[in-house]
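Enquirer: Sharing a structure here in structure tokens format.
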Amino acid sequence: MLEIDSSKGEGGGQMVRTSVALSAVTGIPTKLIRIRENRPTNGLSRQHTAAISAVASMTGSKVEGNVPGSSELVFEPGREQAGRLEIDIGTAGSISLVLQAVLLAARNHRERLTLDIKGGTNVLWAPPLDSYDMALFPLMRRMGINAEVEIVSRGFYPIGGGRAVATLDPIGDIAPLEIADLGRLKRIRGRCFAQHLPERVERDMVGACEKAMKGYGLEMEVQNGKGDSRGAGIVLAAEYENGIISSNVLTSKGRSAEQSGIDVANDLLQEMNAGSTIDVHTADQIIPYMAMARGKSSFVVSRISKHLLSQMDTLESFLDVRFGVERKKDGYHFTVSPGGAQ
């Protein structure tokens, strides 16, 4: 049984999610210890247990210790391949992070998978579902992985109440993804979403964002939700010939709607001007698929996050893969070499 020290690296839930998913994919029984030991709230949260339960249910796996607050978990992978799951996180826990684990665990599925998930669609410290739709999934499609997500209703912290339906077609051979440079900028699109907030919040966010992106021809879509919770935000995606760079923001206390619009624009411009070919948040989401591709992948990030380092460490524990990184003037150049890929 493979033992994973979950306190290493970023020490959060990502190592848990990736380890459980890869255990299901590889068939390697896994024990996780010291889960989130260095976080303010130790052990598993409802969001983590929901992801683990979903992977276990989908694959017919056995689990011990999958309760909130648990610091240890044993996962014994099964061989079932459920085609549809309904998941209720029960809180405003991130739907995108649950989706991250379940989609990865379905790498060997031979039939289409449909996931109906309730929880938080746009919450702090997690990628918004919109960034999956606008950046991650389009890049995955270039690798031969067809995943889609529909946001049925939005859920914000602390009430949640959001719902999304995601689908994943069976994954065959995964094509490598090499993005040495982005090529020509095709367009920049934005999605502003607001729910149960004054109209001026949406107006101020969009206005400030468009002003900061002046000259780029920003294409902004505005969505007004009718869910139970309250919140607003923007996701931007710069689409190039060879890749996509994204950024996102949520409104919060202590930061005006106008400042939120400025921040999301500046974050995108910073990534665009840094020489990145994948933004730092998308990189740690897509790298597990690169590690299972049939050849070498490569990309450039402006900085190396703890999440990316944790992903690399976890992937090396389960898969025959080598990572390379070289610091250059335009950022950190990564190579992902599965097996003997050159």
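The values are calculated or read from the model by the stated rules, or taken from the named source; none is laboratory data. The shown structure was predicted, so the numbers you read here are calculated from the model rather than taken from an experiment. No Cβ is skipped: glycine too gets one built from the backbone with ideal geometry, and neighbour counts run over all protein chains shown.
Enquirer: Hey, can you tell me all the residues within region 220-251 that are within 21 Å of the chain's Cα centre (by Cα) and among the polar types (S, T, N, Q)? Even if it seems obvious, please write down each step before you answer.
Expert: Taking region 220-251 first, the residues within 21 Å of the chain's Cα centre (by Cα) are 231-240, 242-251.
Passing the criteria: N242, S246, S247, N248, T251.
Enquirer: Please work out which residue is surrounded by the fewest Cβ atoms within 10 Å (Cβ to Cβ), limiting yourself to region 250-283 and to residues that are of a type in the set (A, V, I, L, M) and not in a helix (DSSP H, G or I). Walk me through how you get there before you give the answer.
Expert: Taking region 250-283 and keeping what is of a type in the set (A, V, I, L, M), we get 250, 257, 262, 264-265, 268-269, 272, 274, 278, 280, 283.
Filter again for not in a helix (DSSP H, G or I), leaving 250, 278.
On the way: L250: 19, I278: 28.
Filtering first and then ranking leaves L250.
Enquirer: Please give the number of the condition R294 fails out of (1) within 24 Å of M140 (Cα to Cα); (2) part of a loop (DSSP other than H, G, I, E, B); (3) not assigned by TED's automatic domain parsing to the domain that holds F137.
Expert: For R294, the exception is condition (3).
Enquirer: Quick test for you: out of V300, V325, pick the one residue that is of a type in the set (A, V, I, L, M) and surrounded by fewer than 16 Cβ atoms within 10 Å (Cβ to Cβ). Step through it out loud before you land on a result.
Expert: Working: V300 fails: surrounded by fewer than 16 Cβ atoms within 10 Å (Cβ to Cβ).
After ruling out the rest, the residue left standing is V325.
Enquirer: Just to be sure before I move on: is R46 charged (D, E, K, R) and either closer than 30 Å to A194 by Cα or at pLDDT 95 or above (or both) in the structure I sent? So that I can check it myself, show each step before the final result.
Expert: Details: charged (D, E, K, R): yes; either closer than 30 Å to A194 by Cα or at pLDDT 95 or above (or both): yes.
Answer is yes for this residue.
Enquirer: Given the options I117, I95, I89, name the one that is at pLDDT below 95, buried (at least 24 other Cβ atoms within 10 Å of the Cβ) and assigned by TED's automatic domain parsing to the domain that holds R46.
Expert: Numbers: I117 fails: at pLDDT below 95; I95 fails: at pLDDT below 95.
After ruling out the rest, the residue left standing is I89.
Enquirer: Could you grab the pairs with beta carbons closer than 7 Å, sequence gap of 6+ or different chains, first residue in region 258-283 and farther than 28 Å from V201 by Cβ, second one acidic (D, E) and surrounded by fewer than 24 Cβ atoms within 10 Å (Cβ to Cβ)?
Expert: Matching pairs, first to second residue: G275/D330; T277/D181.
Enquirer: Within region 40-73, work out how many residues are surrounded by fewer than 16 Cβ atoms within 10 Å (Cβ to Cβ) and hydrophobic (A, V, I, L, M, F, W, C).
Expert: 1
Enquirer: While we're on this one: Among the residues of region 110-142, how many are over 20 Å from D279 (Cβ atoms) and out of contact with any strand residue (DSSP E or B) (no Cβ under 8 Å at 6 or more places or on another chain)? Spell out the reasoning first.
Expert: Step one: list which residues in region 110-142 are over 20 Å from D279 (Cβ atoms), which gives 110-120.
Pick out the ones that are also out of contact with any strand residue (DSSP E or B) (no Cβ under 8 Å at 6 or more places or on another chain) and you get 110-111.
Of the residues in region 110-142, 2 are over 20 Å from D279 (Cβ atoms) and out of contact with any strand residue (DSSP E or B) (no Cβ under 8 Å at 6 or more places or on another chain).
Enquirer: Considering each of A194, A208 in turn, give the residue that is surrounded by 14 or more Cβ atoms within 10 Å (Cβ to Cβ), over 25 Å from the mean Cα position of the chain (by Cα) and aliphatic (A, V, I, L, M). I'd like the intermediate steps shown before the answer.
Expert: Values: A194 fails: over 25 Å from the mean Cα position of the chain (by Cα).
Just a single option satisfies the conditions, and that option is A208.
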